[in-house]
1. Is the C-alpha gyration tensor of the range B:35-123 telling us rounded, prolate or oblate? Criteria: a/c under 1.5 is rounded; beyond that, a/b larger than b/c is prolate, otherwise oblate.
2. At 0.36 nm per residue, minus the direct Cα-Cα distance, what do B:ASP21 and B:TYR144 gain on full extension? Give it in nm, one decimal, please.
3. Restricting to DSSP H runs of at least four residues, report the calculated mean residue ellipticity at 222 nm for the protein assembly as shown, -39500 (n - 2.57) per run over all residues, nearest 500 deg cm²/dmol.
4. How far is B:ARG115 from itself in the other copies, in nm, if each label sits 7 Å out from Cα along the Cα-Cβ line, shortest first?
5. Can you pull the mean other chain C-beta count within 10 Å for peptide B:69-78?
6. Work from the charge dipole of the protein assembly as shown (Cβ charges, +1 for Lys and Arg, -1 for Asp and Glu, about the Cα centre) and give the residue of A:PHE131, B:VAL63, B:LEU84 farthest towards its positive end.
7. What whole number of Å gives the distance from the Cα centroid of the range A:1-74 to the Cα centroid of the range B:65-130?
8. Determine which residues of the range A:73-113 fall in the zone a paramagnetic label at B:GLU49 would reach in this model, i.e. backbone nitrogen under 14 Å from the point 7 Å along Cα→Cβ.
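Read-outs throughout are calculated quantities, based only on the coordinates presented, and are distinct from any laboratory measurement. This one's a predicted model, so the numbers in the text were calculated from it and none came from an experiment. Cβ: placed from backbone, ideal geometry, glycine included. Neighbour counts: every protein chain shown.
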Number of protein chains: 2
Amino acid sequence: MVDWDVYLVTQASLSAGRTTDEIVADAIDGGVGVVQLREKDRTARERYELGRELRDLTREADVAFVVNDRVDIAQALDADGVHLGDDDLPVPVARDLLGEDALIGRSVSTVEDAREAAAAGADYLGVGAVFATGSKDDIDDDEYAIGTERVAAIAEAVDIPFVAIGGITADNAVEVVRAGADGVAVITAITQADDPTAATDALHSAVEQGR
Amino acid sequence: MVDWDVYLVTQASLSAGRTTDEIVADAIDGGVGVVQLREKDRTARERYELGRELRDLTREADVAFVVNDRVDIAQALDADGVHLGDDDLPVPVARDLLGEDALIGRSVSTVEDAREAAAAGADYLGVGAVFATGSKDDIDDDEYAIGTERVAAIAEAVDIPFVAIGGITADNAVEVVRAGADGVAVITAITQADDPTAATDALHSAVEQGR
Ligand code: NI
């Protein structure tokens with residue numbers, strides 16, 4: 001079973017001078033449940049090289065490891081799965097390539113897209129952006145905030161687990177989980193924290209509290 | 001056996017208002033041997049959708065079909081292989097994912113890189129940019145022209161087939177093949193031609209003449 005409570009999306013360029021390896025190791029110490037290799041500004045080759053370290057770290061810690069966008073990099077790294085957006089390969093195509101056991105996630109921001117992704121066979125959703133974010137790098141395709149009412153509507157509409165993303169902090173995580181999210185996905189709330197371990201732990205406590 | 005004589009790299013945005021399907025159908029009529037799905041400015045999803053048409057067209061015509069950069073799109077399309085650059089997954093990783101029968105190409109511009117790619121298991125090379133190109137979209141990573149002497153040096157250094165790319169026309173294809181290239185790869189010499197069928201045929205004749 002995947003622990004959805006705290007889901008870290010990596011981005012070295014937003015990590016206050018620290019490497020993604022360091023951030024992930026700290027987040028593991030803080031109780032992170034899922035790590036997504038993102039690193040949008042890196043080449044496929046660089047993501048593959050970086051991912052080999054992350055695969056080792058996450059495997060040792062029994063933390064789920066997924067790759068953003070690229071099914072082939074996920075396969076090459078023996079990742080647990082892939083996280084897909086509107087511009088990526090369709091979920092059923094990724095399923096054919098990765099198999100039944102793979103964890104396939106899909107970014108959505110509407111109830112309709114959430115239903116479609118679940119029907120297409122996604123294992124989980126990334127729902128957002130819930131709140132406006134300072135760094136627009138924190139979210140993928142959507143520039144606007146969907147709010148916790150939309151989170152509640154999506155929780156009502158689909159049965160698969162989902163993490164909320166976009167402007168999530170230890171302060172607002174409680175209300176996001178109360179609205180129905182199974183966990184919270186963050187970049188900068190962990191990557192730019194003075195103490196990423198403590199930040200992960202604080203998010204984890206907030207999620208538990210909201211449940 | 002792959003027919004390397006004329007290798008078409010697709011780019012709808014350089015196709016004078018025609019679709020890539022139309023260009024590829026015309027190039028097949030003109031005797032193209034290999035089609036590479038490139039379309040750098042399209043999303044993975046769009047390339048996948050477009051590639052389904054190209055896969056059908058090329059399969060019917062018994063023309064080799066490879067996908068630029070993305071091993072997963074190649075797999076999803078049941079393409080014959082993939083063409084990789086410096087920023088993409090390493091050749092041995094692609095080989096693991098695609099298997100022994102896949103056609104794996106590698107872009108190189110130096111003798112040293114050509115040797116390395118052959119040693120890493122590439123089936124063929126794209127060598128260039130041979131000539132300066134008007135549209136820099138015609139070449140991948142290199143802004144400078146390596147010239148036919150470099151083509152000859154690479155022909156001397158490696159045993160795997162290679163196509164020359166970058167500023168190739170029916171006028172200069174003869175000297176490129178005389179220098180040792182097994183064929184010529186082009187975008188605009190076909191995609192922007194008034195008559196892509198005639199342009200492909202003219203390139204083919206020039207390659208035969210250079211041999
Ligand atoms: Ni021929």
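1. prolate
2. Numbers: separation 123, 0.36 × 123 = 44.28 nm, distance 3.06 nm.
Length gained, B:ASP21 through B:TYR144: 41.2 nm.
3. Details: 18 runs with 176 residues, N = 422.
Estimated from H runs of four or more residues: -12000 deg cm²/dmol.
4. Result, one decimal in nm: 6.3.
5. Going residue by residue through B:69-78 and averaging, the value is 5.
6. It is A:PHE131, whose Cα lies furthest towards the positive end.
7. The two parts, judged by their Cα centres, are 26 Å apart.
8. A:86-91
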